Structure formats: structure tokens, C-alpha cells
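J.: I am attaching a structure below and will ask some questions about it afterwards.
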Amino acid sequence: MNDHTRIVYVVDDDEAIRQSISFMLRRAGYTVVTYASGTEFLKVATTATQGCVLLDVRMPDIDGLEVQARLAEQGIMLPVIMLTGHGEVTLAVRAVKAGAIEFLEKPFERSALIAAIDEALNQAGRNDRIQLASAEAFVRLAVLTERERDVLGGLVLGRPNKLIAFDLGISTRTVEAHRSNLMDKLSARSLSDVLRIAFAAGLGDAEPM
């Protein structure tokens, strides 16, 4: 993991905590960027393409759960570690259910913080690979004709050629021709290859025709 990916965004309204965490993490070799509020962080979050977020639950302007929700709404996949005060386990559980990697109750041990950050950064690396695969899949699918995409939609839903033909009002032989063409365009050697590309582009969520 290179320095460019070892970025930790610390979002906490308590200046002493920000300084303490920042000092600790910089000594451990991380790049640290601090923010005094959720609002301040959200203004720049769309440009934060690497790293992870240490996010305090209790903040005066926008609390950590709301910041977490807004990141998700904007499609920002930065892994989140939630920082909680004593007795805020209920909030922490909500954060984890909403996708937080971990929650740490203040005061936390250095080893626990480092372990959580390393897990979050590993998750960020996986997210980067998923996003790259998705982008590549969209580019590959862009070469398909509208009818080829219709046939692909049927394949994603697990329909045999005859049912796809019935759904689209075309012959089975025409479906077979479109299927062959789309496999050639996608450089797919099998139906499994086609499906992996389709799922990477999010076509697995398509509604039945």
C-alpha cells in the first residue's frame, strides 16, 4: 500500500482529539487531513478518492450518521470508522448497519485504531478495484446495439433463448445471432464471461422484462 492510499480523513469537532489522532497517525506513517465539522468535510468529500474516514458520531452541525448517509447518497465509497463516546453503542450499531467498517469507543487504544484503519484501507483498495471493473464494463457494453442489450438483459435474468425471443417478439434464431454478436464484441468466451461484465456494470439489478 503506497503513501497515496494511506490517507486518513479525521472529522471531529474536538480540536484536542483531532491533534492527538493526527500526531499518532503521522508517526505511524499515514497521511492525515483533519476537519472540524461534517459540513467542512462534505464540501471536499467528492475529491477524496483514496483513503478512509475517521468520523465522530456527535458533532454540532451534522452528526456522523448524517455525514455517513450523505457520502452514500453521493456514491462516495470511502470506508468509514465511527468514533463514539461512552454509552453510544446504539448509535454505533446503526453506523455499522449503514456500512461503517468499525466503531471505536473513546478513549481507544492505539493498536485498535491502527488495526481498524488498516482494515478500512484494505477495504478502500477493494472498492477501487470494483469501481475500475465497473468503469471498464460500462465502456465494453457501450459498443452493443440496443437489441443486443435487450438480449443481454434476458441473459442476466437467466432466461433461455426461447423466452428471450418471446419477450422481445423476435425469433429464437435472431436471439442466437444477437447473443453471438454481443459475445464477440465483449470478447467473451462463455456466458459466464458475459455475466461477469454485466454484473460489474450493475445490470444484475435489472427488473424482469
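J.: Only one of 142, 112, 135, 116 is farther than 28 Å from residue 30 by Cα, small (Gly, Ala, Ser) and at pLDDT 85 or above. Can you tell me which?
T.: Exactly one residue qualifies, and that residue is 142.
J.: While we're here: If you check residue 128 against the conditions, is it at pLDDT below 75 and of a type in the set (D, E, K, R)?
T.: It is true that residue 128 is at pLDDT below 75 and of a type in the set (D, E, K, R).
J.: Just the residues that are surrounded by fewer than 19 Cβ atoms within 10 Å (Cβ to Cβ), in contact (Cβ under 8 Å) with a residue 12 or more places away in the chain and part of a helix (DSSP H, G or I), please, taken from region 20-39.
T.: Listed by number, the residues that qualify are 22, 24, 39.
J.: Just name the residue that is surrounded by the most Cβ atoms within 10 Å (Cβ to Cβ) out of those in region 1-19 that are touching a residue at least 60 places away in the same chain (Cβ under 8 Å) and touching a strand residue (DSSP E or B) at 6+ places or on another chain (Cβ under 7 Å).
T.: Top of the filtered list is 12.
J.: Within the group 74, 50, which residue is farther than 20 Å from residue 115 by Cα, among the polar types (S, T, N, Q) and either surrounded by fewer than 16 Cβ atoms within 10 Å (Cβ to Cβ) or at pLDDT below 90 (or both)?
T.: 74
J.: Right, another one. Filter region 168-201 down to residues that are part of a helix (DSSP H, G or I), surrounded by fewer than 17 Cβ atoms within 10 Å (Cβ to Cβ) and not aromatic (Phe, Trp, Tyr), then give me how many there are.
T.: Going through region 168-201 one residue at a time, the tally reaches 13.
The values are calculated or read from the model by the stated rules, or taken from the named source; none is laboratory data. Being a predicted model, the structure only gives us computed values, none of them experimental. Reconstructed Cβ throughout: ideal geometry from the backbone, glycine too, with neighbour counts over all protein chains shown.
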